[in-house]
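Remarks on the structure that follows.
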Amino acid sequence: MNLDDFIREYTDIEHQLGDPAVHADQQLARTLGKRYAHLRPIVETYREMETTEADIVAALELAPEDEAFAKEAAELEERKHELEVKLQRLLIPRDPNDDKDVLLEIKAGEGGEESALFAGDLLRMYLRYAERIGWKTEIVDAHHSDLGGYKDVTVAVKSKDGAWSQLKFEGGVHRVQRVPVTESQGRIHTSAVGVLVTPEAEDVDVQIDANDLRIDVYRSSGPGGQSVNTTDSAVRITHVPTGVVASCQNEKSQLQNKESAMRILRSRLLVAAQEAADAAASAERKSQVRTVDRSERVRTYNFPENRISDHRVGYKAYNLDQVIDGDLHNVIQALVDADMERRLADAQSP
């Protein structure tokens, strides 16, 4: 698609969004709105570049008579180059899931109760980060540990601009180094927590035949109110052809747990289908959790040194206390920038 095609599509969507009938279909309006938001910086940058080129021509015509115009033309040339670089970056093919919401699963691993406590710390970190930037969150399923941590917890994250574009880099093993509350002699321990991020699938993304599902109900366990351990409200759904499993016990009713489990299942099947169809999708997820082992780390949180390190891009900062409180912007931006540089290099290679 060339720039003229982008401009035509942008103008067409702009007209559609001005039609009240379009907004009667919320899903259509949301899809068009996200596409419009993606195209807008491309179109605006291109239009500014055209205006700058016209200004350069005018400045060069007047430069022989007034050297101030020669200086202005040189400044405009620099601005044009900046816009060309910006436009080149904007035109790099995007991850098709960037506009999607996500399901983020945090799973305690090696380290026992301390790992479960850190899983709770990571959950709060992501919830606070989402709150800072205006995202909506919902805990879909959770299994608590004895000391108030999480054996595993799944949270849905929703954003107008698509949470996947930011949170997809969080997948992997997160290692923590600190003195656990369970440590009586003050020794530093190392534990690991796994984070798995999947784009949340819409009904239209994945077609599921009800005959392919095996649904098991069982009694919930752990904190959760009077209904826990008294009714078979927990639900486990198995997609028989693929063996993909999703379960939920967080809600009080079996119907609510079934809906949440289906939500998780759709997202997992979407990822599985994309990986099978496109090797690039598998490459995007190569840093995601395989085993929650301390050696397969993507990030280390060192509390004694107040240091956070992301090992994939060499990012290091000494503001762990702020990061764990939700100030994740710089960490995530370093990963976004590195991914952009990689895709730019791929686009320029023969």
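The values are calculated or read from the model by the stated rules, or taken from the named source; none is laboratory data. Computed from a predicted model, the values in this text were never measured in an experiment. Neighbour counts are summed over all protein chains in view; Cβ atoms, including those assigned to glycine, are modelled from backbone coordinates with ideal geometry.
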Taking Ala116 as the residue in question, decide whether it is surrounded by 14 or more Cβ atoms within 10 Å (Cβ to Cβ), outside the structural domain of His143 (by TED's automatic domain parsing) and farther than 21 Å from Phe6 by Cβ. no
Does Ala163 meet the test of being surrounded by 22 or more Cβ atoms within 10 Å (Cβ to Cβ) and either among the small types (Gly, Ala, Ser) or modelled with pLDDT under 90 (or both)? yes
Among the residues in segment 95-116, are any of a type outside the set (Gly, Ala, Ser), free of Cβ contacts under 8 Å to residues at least 60 places away in the same chain and farther than 30 Å from His189 by Cα? yes
Candidate set: segment 223-247, residues that are surrounded by 15 or more Cβ atoms within 10 Å (Cβ to Cβ) and modelled with pLDDT under 85; chosen: the one nearest to the chain's Cα centre (by Cα): Gly224
Does Thr11 qualify as being over 30 Å from Ala345 (Cα atoms) and not hydrophobic (A, V, I, L, M, F, W, C)? yes
Looking at Thr45, is it farther than 25 Å from Asp327 by Cβ, hydroxyl-bearing (Ser, Thr, Tyr) and touching a residue at least 40 places away in the same chain (Cβ under 8 Å)? yes
Among (1) touching a helix residue (DSSP H, G or I) at 6+ places or on another chain (Cβ under 6 Å); (2) surrounded by 23 or more Cβ atoms within 10 Å (Cβ to Cβ); (3) of a type in the set (A, V, I, L, M), which single condition is Ala192 missing? (1)
Residue identified as of a type outside the set (D, E, K, R) and at pLDDT 90 or above among Ser309, Ser267: Ser309
Is it true that Glu84 is farther than 25 Å from Gly171 by Cα, of a type outside the set (A, V, I, L, M) and free of Cβ contacts under 8 Å to residues at least 24 places away in the same chain? no
